[in-house]
Amino acid sequence: MTTESSITTRKLSPEEFKATQNSPQRVMDSTPPADFWDYVAAIPADDFEFFDCRAGNITHVYRMAYEYEHVLINSQYQGVAMVVVTDLKNNTVYGHFLLDLNPPGTRIPEGDQPTGQAD
């Protein structure tokens, strides 16, 4: 967990993230917790790796059996998003997970790779 200002962030492991997935239903009427964007701003830059989600472009929200919602904040690349998981029962942010839906081995455009990360 990381704390920035008064917001504590929680980077979910793949297992923790998977545990929040249950009967996903896409929703259009979601209301995030009051501190949602403060939480997003507090996510450490390293958790985004080299993906850029600063535009705050949300196109998908999935409700998981009325327990959690997965709010996908798109990156500059198709198939990659920072997922902020909200806890519906407590109306809080549960954690975050960088989701990459691209097939393993998908290459980043060469000009976009961070220094020292070239394949």
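The values are calculated or read from the model by the stated rules, or taken from the named source; none is laboratory data. Source: prediction; values computed, not measured. All Cβ positions, glycine included, derive from the backbone under ideal geometry; neighbour counts span all protein chains shown.
Taking residues in segment 90-101 that are closer than 16 Å to Ser30 by Cβ, and partners anywhere that are among the acidic types (Asp, Glu), the pairs with Cβ atoms closer than 6 Å and at least 6 places apart or on different chains are Tyr94/Asp87.
Selection of segment 1-39 for residues being outside any loop (DSSP other than H, G, I, E, B), in contact with a strand residue (DSSP E or B) (Cβ under 6 Å, 6 or more places away or on another chain) and at pLDDT below 95 yields only Thr2.
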